[in-house]
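Here is the structure we will look at.
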Amino acid sequence: MIRRRLIVHGLVQGVGYRYSCQLHAERLGVRGWAANRDDGTVELVLEGEEGPVTQMMAWVQRGPRHAEVTRVEVGEETPEGAVGFDTF
């Protein structure tokens, strides 16, 4: 079990990024959340088995069709037993 916190930069608000992220995470069985930040970035917490979290992190680099991801900051955290995937 691993947990990662990501800050996604670029055109990632107003393009369905969080909703698409939730759908993709649920398909992969990844838990956590996605939230818009005041600075125009999206913050994500991803928790689950290493393989699915790694796959989700690869998707985050692209995002949905109308997103333009320019950079992703990744931090490691201790798993907390997240349940489901929420958006804020």
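A few points about this structure:
- Against the chain, whose longest principal axis is taken from its Cα atoms, helix 17-28 shows a tilt of about 30°.
- Summing +1 for each Lys or Arg and -1 for each Asp or Glu among the other residues whose beta-carbon sits under 9 angstrom from that of residue 4 gives -1.
- Sequentially through region 51-58, phi angles give Karplus couplings (6.51, -1.76, 1.60; θ = phi - 60°) of x, x, 5, 4, 4, 5, 5, 5 Hz, Gly and Pro residues having no value and appearing as x.
- Linear extension gain, residue 66 paired with residue 27, 0.36 nm per residue minus alpha-carbon span: 12.0 nm
- Zero-based 5 Å bins, Cα pair distances in the chain, whole percents: 3, 17, 31, 28, 16, 6, 1
- Across region 32-45, computed HN-Hα scalar couplings (Karplus, 6.51 cos²θ - 1.76 cosθ + 1.60, θ = phi - 60°) run x, 7, 9, 9, 6, 10, 4, 8, x, 8, 10, 9, 10, 10 Hz from first to last residue, x flagging Gly and Pro.
- Helical contribution to [θ] at 222 nm, DSSP H n ≥ 4, -39,500 (n - 2.57), averaged over the chain, rounded to 500: -9000 deg cm²/dmol
- Coil-residue GluC sites (Glu not before Pro) of region 7-88, DSSP, other Cβ within 10 Å capped at 14: 49, 80
- The phi torsions of region 72-88, fed into the Karplus equation with coefficients 6.51, -1.76 and 1.60 and a -60° offset, translate into couplings of 10, 8, 10, x, 8, 9, 7, x, 10, x, 4, 10, x, 9, 10, 10, 10 Hz, rounded to whole numbers, with Gly and Pro shown as x.
Read-outs throughout are calculated quantities, based only on the coordinates presented, and are distinct from any laboratory measurement. Since we're looking at a predicted model, the values are computed, not measured. Positions of Cβ are generated from backbone atoms using ideal geometry, with glycine treated the same way; all protein chains shown enter the neighbour counts.
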